[in-house]
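Q: Okay, handing you the structure first.
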């Protein structure tokens with residue numbers, strides 16, 4: 001097991017380099033120029049000072065390109081970038097030259113990670129029992145109703161559902177829940193309990209939107225996995241021995257039926273960034289998702305590359321964790 005993990009980690013290095021190289025080239029070839037964007041409004045000088053719109057635009061563009069080495073060939077730019085990343089240095093933001101991307105990511109993760117982990121926990125907590133029940137009661141009214149409801153939920157776009165929840169529960173509707181940000185504007189004056197309550201109230205709608213799509217998909221996968229297992233010969237044998245149905249399902253069938261769900265864990269970790277982009281933008285939550293969106297809009301290469309690289313790393317880590325978890329779910333799986 002140890003040698004397998006070491007080999008997988010070593011393979012992650014060239015894989016990650018290949019992903020970042022592709023992302024780097026795509027970002028540079030994408031329409032839009034951060035230098036022209038900065039010079040068109042407010043640019044940054046060699047020391048981060050403000051360049052007004054009255055300054056010669058071409059001179060501002062030249063200084064901006066030189067400061068961030070955008071005037072170098074692509075491979076040279078990538079060389080500088082990958083060298084910095086190896087030192088865990090993602091550079092500084094283009095339009096806030098005094099803000100380090102690494103420090104900003106650290107602050108944003110403190111918001112995105114708790115929201116995402118809560119949604120992932122709720123998804124598995126609800127989806128696994130629901131999938132098991134749907135499989136055991138295949139063809140029943142409960143199975144048909146849950147299938148219809150889950151397919152409807154899965155088909156709803158998250159941005160549409162988020163906007164609908166804002167209209168329904170925000171000030172324009174029932175006015176039950178706050179819909180923007182993570183804290184009230186007067187949160188600094190709250191007591192500790194009031195602050196916690198305010199945070200929970202602000203987080204309810206974003207967590208619902210983050211949870212419902214993965215809940216529907218996980219539940220269907222759990223149902224399919226359980227149906228496949230309970231049709232196996234050894235399950236029929238267990239029932240023929242007179243074992244209680246609960247023992248057959250939870251002791252003999254459940255463990256093997258979890259393999260498809262464990263596979264999906266590889267996509268859970270990237271949700272910490274990717275799945276939060278739409279939700280954090282809609283609800284104006286200052287997390288990693290909103291940070292990535294702002295970087296794309298502003299053509300801030302350092303921000304976009306940092307967030308996408310982090311997402312790629314989490315994806316590779318998710319695959320590794322999934323493979324390792326297989327051995328605990330199914331003892332027949334061994335690693336050489």
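The values are calculated or read from the model by the stated rules, or taken from the named source; none is laboratory data. These numbers were taken from a predicted model, which means no experiment stands behind them. When we count neighbours, we look across all protein chains shown, and the Cβ atoms used for this are built from the backbone with ideal geometry, even at glycine.
Q: Can you confirm whether the stretch 79-89 contains a residue that is outside any helix (DSSP H, G or I), surrounded by 18 or more Cβ atoms within 10 Å (Cβ to Cβ) and in contact with a helix residue (DSSP H, G or I) (Cβ under 7 Å, 6 or more places away or on another chain)?
A: No.
Q: Say whether the condition of being more than 21 Å from residue 110 (Cα to Cα) and part of a loop (DSSP other than H, G, I, E, B) is met by at least one residue in the stretch 215-227.
A: The answer is no; no qualifying residue exists.
Q: Still on this structure, please answer the following. Right, residue 280: surrounded by fewer than 20 Cβ atoms within 10 Å (Cβ to Cβ), in a helix (DSSP H, G or I) and either outside the structural domain of residue 18 (by TED's automatic domain parsing) or at pLDDT 75 or above (or both) or not?
A: No; evaluated as a whole, the condition is false for this residue.
Q: Given (1) part of a helix (DSSP H, G or I); (2) over 24 Å from the mean Cα position of the chain (by Cα), identify the lone condition not met by residue 176.
A: Of the numbered conditions (1) part of a helix (DSSP H, G or I); (2) over 24 Å from the mean Cα position of the chain (by Cα), the odd one out for residue 176 is (1).
Q: So which residues in the stretch 26-63 are modelled with pLDDT of 75 or more, under 28 Å from the mean Cα position of the chain (by Cα) and surrounded by fewer than 14 Cβ atoms within 10 Å (Cβ to Cβ), if there are any at all?
A: 26, 28, 29, 30, 31
Q: Sort out which residues of the stretch 181-202 are under 17 Å from residue 284 (Cβ atoms) and surrounded by 13 or more Cβ atoms within 10 Å (Cβ to Cβ), and write them in order of number.
A: 181, 182, 183, 184, 187, 198, 199, 201, 202
Q: All but one of (1) over 21 Å from residue 297 (Cβ atoms); (2) touching a strand residue (DSSP E or B) at 6+ places or on another chain (Cβ under 8 Å); (3) modelled with pLDDT of 75 or more hold for residue 66, so report the exception by its number.
A: Result: residue 66 fails condition (2) only.
Q: For the stretch 130-139, does any single residue satisfy the condition of being modelled with pLDDT of 85 or more and either within 25 Å of the chain's Cα centre (by Cα) or assigned to a loop (DSSP other than H, G, I, E, B) (or both)?
A: yes
Q: A further question follows. Quick one: would you say residue 76 is at pLDDT 85 or above and part of a helix (DSSP H, G or I)?
A: yes
Q: Another one. On the basis of being touching a strand residue (DSSP E or B) at 6+ places or on another chain (Cβ under 7 Å) and assigned to a helix (DSSP H, G or I), does residue 60 make the cut?
A: Judged against the criteria, residue 60 is a match.
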